[in-house]
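Structure record follows, encoded as structure tokens.
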Amino acid sequence: MADLALDPASAGIGLTPNQADCMRVIQELMDQSGVCPSYQELADELDLRSKGAIHRLITRLIERGYLRRQPHHSRALEILRRVPLNFDEPAFVLSADLAERRGQ
């Protein structure tokens, strides 16, 4: 994955807290494993019950230019713009069950 410049002045602007959290989770999971998380994995990590809610979050992030779907591939999102991770809190860590499923 190519290094994407983080523009502190504009990163995360225009995102709801849920959208920003979703972007942070996607970034961390992709940075840790190199694989795009499934909707179910995102729902588990964000404590959402519905994969439909994840679909809506992803759609809004695509509309705002943070993500792009790679056509004809499943679980294929490309990060176009990164949001800053909150450095005042511990880094996002995979939940134990997700880490176990991914073999980490």
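Multiply the residue gap between His73 and Asp47 by 0.36 nm, knock off their C-alpha separation, and tell me the result in nm, one decimal place.
The His73-Asp47 span can extend by a further 6.8 nm.
Just order 31-40, 67-76 by mean Cβ neighbour count inside 10 Å, highest at the front, would you?
31-40, 67-76
Of all the accessible heavy-atom surface of region 28-74, with the other protein chains kept in place and a 1.4 Å probe, what percent is carbon and sulfur?
Percent of accessible area from carbon and sulfur atoms in region 28-74: 48.
The values are calculated or read from the model by the stated rules, or taken from the named source; none is laboratory data. Since the model is a prediction, treat every value here as computed from it, not as a measurement. Quick reminder, even Gly has a Cβ in these numbers, built from the backbone with ideal geometry, and neighbours come from all protein chains shown. The area values use the complete protein model at the heavy-atom level, side chains included, leaving out ligands, DNA and RNA. Shrake-Rupley method; radii C 1.70, N 1.55, O 1.52, S 1.80 Å.
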